[in-house]
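A short write-up of the structure that comes next.
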Amino acid sequence: MNKRTSKILMRTYVILIFCFLYLPIAVMIAFSFNESKSRAVFTGFTLDWYKSLFHNEMILSSLALSLVLALVSSVVATVLGTLATIGINSMSRNSQLIINNISYVPVVNPEIITGVSLMLLFVMAQTFGIGGEGGLFGWPTLLIAHITFNVPYVIFNVSPKLRQLDPSIYNAALDLGCTPRQAFIKVILPQLTPAILSAFLICLTYSIDDFMISYFNSGTMQTLPIAIYSMTRKKVSPEINALSAVMFCVILTIILVSNYLDSRSYKKNQTAIRKAMSEEGGRA
């Protein structure tokens, strides 16, 4: 097999993989503009399903709940996870290994087990009178559940970046008169910002997308995935195609913006390093 044939096969393989991943999404987006309710025949172009979607009070209320829940839980989980990462990094090697393994359990644990276990915990809390007459299930349980499954993702996203940092930079800041707090805010935190932002976006995506854990801990409230599930139990409406298309475009935009900011930050850092090296070379 010559080099040209190998390249053709590699490109064909990549194209087939991308078609397998994204062709169903492309079909879904195309049929969100289908004039007919049929999922097999495209009869004409229309925006009626998008208009109907934005007049559906159940979907809009579920979307608002999911967005607020995702934003609040992601912010709290990012703060807690970042602080936990710093605390873990200051421990001994053996302690770090134990804590990291414990933190990894919620990630590999099936979501149904996490959802049921949290539900049983909240039920037990209610038996002790926590939650008052209105009950505990609802916004409080949803928020706690989403923070719980998001924190490990923050830890595993920020930890590698924190381990890559040179400890001498922090010590140098202390030697130059910074307090530990100032050294962390002015020296460590700016270098962790890309990893923290990436962790926040991951939490935001997982929180909006979560169904299983939310289903067991939502009470009478409906997040967007639960609302979509309740709609599909009766009949798959083209409104679901329109909603899925909107969600895909929003998440794709977030990913592209995040990658752009990371790339821009990387290029800025590389430029600063090259400039510092050239100045150092000029002095020599």
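Any read-out appearing in this document is the output of simple, stated calculations on the displayed coordinates, not a laboratory observation. Predicted model only: the values in this text are computed from it and were never measured. Glycine also receives a Cβ, built like all others from the backbone with ideal geometry; neighbour counts cover every protein chain displayed.
A simple charge model with +1 on the Cβ of Lys and Arg, -1 on the Cβ of Asp and Glu and nothing else charged puts the dipole of the range 57-283 at about 600 debye relative to its Cα centre. Is the C-alpha gyration tensor of the range 34-101 telling us rounded, prolate or oblate? Criteria: a/c under 1.5 is rounded; beyond that, a/b larger than b/c is prolate, otherwise oblate. Prolate shape, in that a/c is at least 1.5 and a/b is the bigger ratio. Computed over the chain, the per-residue total of -39500 (n - 2.57) for DSSP H runs of n ≥ 4 gives a 222 nm mean residue ellipticity of -26500 deg cm²/dmol, rounded to 500. When the chain is treated as a Gaussian network with alpha carbon springs shorter than 10 Å, the biggest mean-square fluctuation among 54, 137, 20 belongs to 20.
At full extension, residue 172 and residue 107 could sit 19.7 nm farther apart than now, given 0.36 nm per residue minus the alpha carbon distance. Using a cutoff of 8 angstrom between alpha carbon atoms and counting only pairs six or more residues apart, the relative contact order for the chain works out to 29 percent. The residues packed around residue 155, meaning those with a beta-carbon under 14 Å from its beta-carbon, carry a net charge of +2 if Lys and Arg are +1 and Asp and Glu are -1.
The angle between the Cα long axis of helix 189-209 and the longest principal axis of the Cα atoms of the chain comes to about 10 degrees, rounded to the nearest 10. Between 0 and 90 degrees, rounded to the nearest ten: what's the tilt of helix 238-283 against the longest Cα principal axis of the chain? In the chain, helix 238-283 runs at an angle near 10 degrees to the longest axis. Just checking the listed ones, 24, 140, 160: in the Gaussian network model of the chain with Cα springs under 10 Å, the one fluctuating most is 24.
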